[in-house]
Amino acid sequence: MLPHPHLTAIAGTAALLCVLTVRVPSNPKTLESQSMFSQTTVPGPVAYSLRKACSNCHSNETVWPWYVHMPVVSLLLTQDVKHARENLNFSDWPSVQKQGAEHTAASFSGICENLLSGAMPKNRYIWLHPEAKLSNSEVAQICSWSNKQQMELLQHSAALPGSLPGSR
């Protein structure tokens with residue numbers, strides 16, 4: 001027995017409305033000169049690893065996959081990327097730096113900590129993007145670089161008058 005024609009029309013209309021309400025996200029306009037990759041010294045292998053494992057969420061260079069057109073998936077993906085960019089956005093490095101040397105140093109430290117703990121990249125991201133899985137060697141290179149950046153920032157800020165811990 002075939003479904004009632006009215007039910008088919010209602011279900012079809014509801015499905016069409018769901019599809020039409022999906023807003024495919026876009027990336028904010030940014031200048032390459034404002035990116036972490038332009039404003040800090042990032043060795044080629046480290047930049048490659050960060051771009052393949054982190055930049056799709058932690059920058060304004062997100063490559064939105066085909067499945068972002070699916071209603072629930074779209075909401076989840078856009079929220080994940082929004083949250084990632086709020087925590088650390090490689091495309092808007094001045095917003096990190098304006099919070100001070102200690103915050104910027106903590107951002108570098110956080111990169112390493114999140115990789116070592118396995119918190120980043122997220123497992124569900126790696127499942128869909130296996131190329132984002134970093135080797136132990138890549139993680140070690142990133143950590144070595146980020147720790148060096150952190151130490152240089154803290155040493156530089158400590159050398160500035162009035163920037164010693166406890167002085168305000």
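Nothing in this text is a laboratory measurement; each read-out follows from the coordinates by a stated rule. All values derive from a computational prediction rather than experimental measurement. Positions of Cβ are backbone-derived with ideal geometry, glycine not excepted, and every protein chain shown enters the neighbour counts.
Couple of notes before you dig in:
- Simple spin-label estimate for ALA158 and LYS29 in nanometres, 7 Å along Cα-Cβ: 4.3
- Here the dipole of region 88-149 is about 100 debye; that uses its Cα centre as origin and unit charges on the Cβ of Lys and Arg (positive) and Asp and Glu (negative).
- Table column - 3J(HN,Hα) (Hz), region 118-130, Karplus curve with 6.51, -1.76, 1.60, x for Gly and Pro: x, 5, 9, x, 4, 4, 5, 6, 5, 4, 8, 9, x
- Above-threshold pairs, the threshold being 23 Å between Cα atoms, out of LYS98/LYS133; LYS29/LYS122; LYS82/LYS133; LYS82/LYS148: LYS98/LYS133; LYS29/LYS122; LYS82/LYS148
- Cα centroid separation, region 31-59 to region 112-140: 15 Å.
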